[in-house]
Amino acid sequence: MSPEVGRAYFGRRYTLSASHRLHTEALSADENRAAYGKCNNPHGHGHNYIVEVLVSGEVDPETGMVMNMVALDAAVQNQVIERFDHTNLNLDILFVNRVPTTENLCRVVFELLKGALRSVELEHVRVEETENNFFECKGN
Amino acid sequence: MVFLTRRATFSASHYYWNGSWTAEKNEQVFGRCANRNGHGHNYTLEVTVAGEPDQVTGFVVDLKWLKDVIEREVLAAWDHRHLNLEVPEFAAPKLGESQLIPTTENLAIEAWKRLEPAVTAAGGAQLSRVRIYETPEIFAEYRGGL
């Protein structure tokens, strides 16, 4: 048996492509333009998003793993990739009442995965919208 | 407190196998990683230390010193090696001991164990985090078990 080592972390990066438009009915057309700039263009635009998922837990002495990567892949595939990849985020029911900024996408992905991952702690979800900007949601 | 990270790369081969399981169970749990002929990766190791910058040098630690520590404590033992066959912490166990499978999680923990005494002995900075990328999409990290 390996000695007690406590918590370790496992991370995995996934990609999905989707379109969105940053626009809210709570603001006037001019205010939307001022708040969101070119992201408010009427027909939307798209990104190749990178979704980084970090989980933590005890390392199982039998497997040497925090969790089996196949199970993590399946959860992300079922909850996130199939739902959002090659879609228009604005049309998803989760974005009916919130603007699909990457902050909100990050939060939505965190909540979807938190409900699906039982045996480990979901530490963070990081969504990279481009190479130069990214957003993180952490548990508690 | 300032966190300073040094990155290093190494290449090694490994396979995943639990000797107390049947071949079928190993293949079911570990998939292609259970191929006993092994396979390899280019690993990236990130070592983060935490401390206050020295008032004279402005350094948390000397990066050349940290590079030497990483090379001496980890790379000298792991780089261009078969982890299961020739690295002591993962090599075939003695009778009655269970083996440590060279998963990315266990690599992060064992790298920490190799680095922590040297960093602590130097005084000043503390080892804060060890992160190992097995591929650009897969990584594990260890923060001392807290």
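The values are calculated or read from the model by the stated rules, or taken from the named source; none is laboratory data. Quick caveat: nothing in here was measured; it's all calculated off a predicted structure. Glycine gets a Cβ as well: all are built from the backbone with ideal geometry, and neighbour counts include every protein chain shown.
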Practice item. With the checklist (1) exposed (fewer than 15 other Cβ atoms within 10 Å of the Cβ); (2) within 20 Å of residue A:128 (Cβ to Cβ); (3) more than 14 Å from chain B (Cβ to nearest Cβ) in hand, flag the one item residue A:15 doesn't pass. Key: (3)
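Okay, residues lined up against (1) assigned to a strand (DSSP E or B); (2) within 25 Å of residue A:123 (Cβ to Cβ):
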position	(1), (2)
B:60	no, yes
B:64	no, no
B:99	no, no
B:106	no, yes
B:141	yes, yes
Check your understanding: Can you tell me which residue in the range A:62-95 is nearest to the other protein chains (Cβ to nearest Cβ), limited to those that are β-branched (Val, Ile, Thr) and surrounded by fewer than 18 Cβ atoms within 10 Å (Cβ to Cβ)?
Key -> A:70
Check your understanding: Within the range B:58-76, can one find any residue that is in contact with a His (Cβ under 8 Å, 6 or more places away or on another chain) and surrounded by 16 or more Cβ atoms within 10 Å (Cβ to Cβ)?
Key -> no
Review point. Under the condition of being facing chain A (nearest Cβ under 9 Å), free of Cβ contacts under 8 Å to residues at least 60 places away in the same chain and under 24 Å from residue B:29 (Cβ atoms), which residue from the range B:98-135 is farthest from the chain's Cα centre (by Cα)?
Key: B:100
Practice item. Please determine, by comparing only the residues of the range B:1-40 that are within 14 Å of chain A (Cβ to nearest Cβ) and in contact (Cβ under 8 Å) with a residue 24 or more places away in the chain, which one is nearest to residue A:61 (Cα to Cα). Key: B:18
Review point. Residue check: is residue A:6 modelled with pLDDT under 95, facing chain B (nearest Cβ under 9 Å) and in contact with a strand residue (DSSP E or B) (Cβ under 8 Å, 6 or more places away or on another chain)?
Key: yes
Study note, to complete from the structure: Taking the range A:18-34 and the residues there that are surrounded by 16 or more Cβ atoms within 10 Å (Cβ to Cβ) and part of a loop (DSSP other than H, G, I, E, B), the one that is farthest from the chain's Cα centre (by Cα) would be A:23
Review point. For the range B:14-27, does any single residue satisfy the condition of being in a helix (DSSP H, G or I), of a type outside the set (D, E, K, R) and buried (at least 18 other Cβ atoms within 10 Å of the Cβ)?
Key: yes
Review point. Does the range B:123-136 hold any residues that are surrounded by fewer than 14 Cβ atoms within 10 Å (Cβ to Cβ) and under 23 Å from residue A:13 (Cα atoms), and which are they?
Key: B:135, B:136
